[in-house]
Amino acid sequence: MTRRTPLYQRHADRDADFTDFGGWEMPVSFDSIRTEHGAVRQSAGKFDVSHMGQIEVTGPDAERLLQRLTTNDVTALDPGEAQYAAITDEEGIMLEDTVVYRLPDGETYLFVPNAGNDGAMAERCQWIRAEFDLDAEIDNATTDWAMIALQGPDAPERFAEAIDARYALDRFEIERTDVAGVDCLVAATGYTGEDGVELLVPADAAPAVWDAFDVQPCGLGARDTLRLEMGFLLSGQDFDPEEEPRTPYEAGIGFVVKLDTEFVGRDALEGVATEGPASKLRGVQLIDRGVPRHGQTVTTADGEAIGHVTSGTMSPTLGEPIGLAYVDVEYADPETVVRVLVRGEPKKARIRTTPFLDR
């Protein structure tokens with residue numbers, strides 16, 4: 001059964017176009033992807049991201065459980081701080097990327113799986129709890145919360161106006177704040193490369209908080225083009241344990257792997273860190289006419305296959321065709337010229353580091 005967010009009726013009333021995403025009926029766009037993308041890059045936009053999971057972990061061994069679950073160092077978090085991390089299996093293959101929050105009370109940890117993965121990640125927590133005999137409570141609280149992202153260069157100012165107070169959050173901080181009379185968790189995080197916040201709101205109060213921000217509503221279409229310009233990963237597309245099995249080092253997020261911790265998959269990743277991955281995720285920017293798309297082959301000028309595209313679009317900001325692709329390490333240096341097979345035709349492209357934008 002397809003799930004709906006607490007803001008579904010708001011989107012339907014606004015005549016949004018919907019699609020199924022991770023088992024959720026989500027708005028793709030309200031006006032146009034270009035309009036919504038431009039609003040976030042130039043001023044501010046708001047997104048319903050309630051399809052993201054929310055798993056709460058509490059109890060005496062909550063920190064130890066998350067230290068086993070995620071690749072980053074959870075012990076480094078003070079109350080009111082967050083960090084980006086990967087979740088890997090015993091072979092070091094990414095199951096998920098996530099943000100882990102230590103809430104302001106200092107006792108509760110919250111991590112956010114991607115759409116449709118909340119059940120699997122709650123089960124993963126339960127397995128780790130049993131495997132290492134840990135004393136912790138695990139609560140899949142996804143249906144208890146709505147999640148709203150306010151993003152763009154004007155987002156901090158718009159947020160401050162809504163709460164009638166000065167915006168004072170640093171990146172990856174989280175605090176409790178009253179918004180439209182609702183007690184919310186507000187984090188200085190996002191998926192667009194712009195300034196902004198993500199708000200965790202009690203589900204029944206979501207419409208009031210959504211209405212508190214008079215900015216452009218944005219759908220999944222703009223969210224995808226915005227994240228692609230920044231080179232941010234999309235779970236299930238840029239990595240997937242079945243269809244696109246990758247380590248964090250291949251996927252370009254080796255910086256979240258702390259090998260001096262005891263997370264599941266550490267031993268396997270120690271070998272990858274020493275030897276280096278055989279391929280790496282890189283940006284590609286087409287020189288010839290065309291748009292890179294998921295699944296297209298990347299080759300040398302002589303037609304030798306050296307990788308494949310995982311994500312691609314026509315960048316609304318740059319007006320250039322861009323994408324992400326795994327390529328063999330010997331071709332992964334920036335400015336290397338390759339070919340992307342677009343409808344079977346080799347199109348000249350340049351390897352790029354990400355982000356594509358200076359943010």
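Summary table
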| quantity | calculated |
| --- | --- |
| Residues that are touching a Ser or Thr at 6+ places or on another chain (Cβ under 7 Å) and surrounded by fewer than 19 Cβ atoms within 10 Å (Cβ to Cβ), drawn from the range 317-335 | 328, 329, 334 |
| Flag for residue 294 being open to solvent by 50 Å² or more (accessible area, probe 1.4 Å), within 19 Å of residue 223 (Cβ to Cβ) and without any contact (Cβ under 8 Å) to a residue 60 or more places away in the chain | yes |
| Residue identified as loosely packed, with under 14 Cβ neighbours inside 10 Å, among the aromatic types (Phe, Trp, Tyr) and closer than 25 Å to residue 99 by Cβ among 356, 255 | 255 |
| Residue identified as in a strand (DSSP E or B) and hydroxyl-bearing (Ser, Thr, Tyr) among 310, 247 | 310 |
| Cross-chain or 6+ apart pairs with Cβ under 7 Å, the range 8-21 first and without any contact (Cβ under 8 Å) to a residue 12 or more places away in the chain, then open to solvent by less than 60 Å² (accessible area, probe 1.4 Å) and in a strand (DSSP E or B) | 18/25; 18/26; 18/27; 18/28 |
| Unique residue being closer than 25 Å to residue 130 by Cβ, modelled with pLDDT of 95 or more, buried (at least 19 other Cβ atoms within 10 Å of the Cβ) and not assigned by the TED database to the domain that holds residue 75 when the list is 239, 263 | 263 |
| The range 154-186, residues that are in contact with a helix residue (DSSP H, G or I) (Cβ under 7 Å, 6 or more places away or on another chain), in a loop (DSSP other than H, G, I, E, B) and not small (Gly, Ala, Ser) | 166, 167 |
| Members of the range 122-150 that are under 30 Å from residue 207 (Cβ atoms), open to solvent by 10 Å² or more (accessible area, probe 1.4 Å) and among the polar types (S, T, N, Q) | 140, 143 |
| Index of the failed condition, residue 184 passing every other in (1) under 16 Å from residue 46 (Cβ atoms); (2) open to solvent by 30 Å² or more (accessible area, probe 1.4 Å) | (2) |
| Given (1) modelled with pLDDT under 95; (2) farther than 30 Å from residue 194 by Cα, index of the condition residue 359 fails | (2) |
| Filter result (free of Cβ contacts under 8 Å to residues at least 40 places away in the same chain and closer than 18 Å to residue 22 by Cα) within the range 88-118 | 98 |
| Residue check for residue 153: open to solvent by 30 Å² or more (accessible area, probe 1.4 Å) and either within 30 Å of residue 11 (Cβ to Cβ) or without any contact (Cβ under 8 Å) to a residue 40 or more places away in the chain (or both) | yes |
| The lone exception for residue 207 - which of (1) touching a strand residue (DSSP E or B) at 6+ places or on another chain (Cβ under 6 Å); (2) in contact (Cβ under 8 Å) with a residue 60 or more places away in the chain it fails | (1) |
| The range 297-307: number of residues that are assigned to a loop (DSSP other than H, G, I, E, B), of a type in the set (A, V, I, L, M, F, W, C) and without any contact (Cβ under 8 Å) to a residue 12 or more places away in the chain | 0 |
| Odd one out for residue 150, checked against (1) at pLDDT below 95; (2) touching a helix residue (DSSP H, G or I) at 6+ places or on another chain (Cβ under 8 Å); (3) of a type in the set (A, V, I, L, M) | (1) |
| Yes/no for residue 164 being in contact (Cβ under 8 Å) with a residue 12 or more places away in the chain, open to solvent by 10 Å² or more (accessible area, probe 1.4 Å) and among the acidic types (Asp, Glu) | no |
| Subset of the range 99-134 [in a strand (DSSP E or B), of a type outside the set (Ser, Thr, Tyr) and closer than 20 Å to residue 235 by Cβ] | 99, 100, 110, 111, 112 |
| Qualifying position, being of a type in the set (A, V, I, L, M), modelled with pLDDT of 95 or more, touching an Asp or Glu at 6+ places or on another chain (Cβ under 7 Å) and farther than 26 Å from residue 74 by Cβ, among 155, 187, 208 | 155 |
| Test: residue in the range 84-97 that is surrounded by fewer than 22 Cβ atoms within 10 Å (Cβ to Cβ) and out of contact with any Gly (no Cβ under 8 Å at 6 or more places or on another chain) | yes |
| Counted residues, the range 62-79 - those being open to solvent by 10 Å² or more (accessible area, probe 1.4 Å) and under 28 Å from residue 168 (Cα atoms) | 7 |
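The values are calculated or read from the model by the stated rules, or taken from the named source; none is laboratory data. Note that the coordinates shown come from a computational prediction; the quantities given were computed from them, not determined experimentally. Glycine gets a Cβ as well: all are built from the backbone with ideal geometry, and neighbour counts include every protein chain shown. Side chains are part of the model used for accessible areas, which takes the heavy atoms of the whole protein and leaves out ligands, DNA and RNA. Shrake-Rupley method; radii C 1.70, N 1.55, O 1.52, S 1.80 Å.
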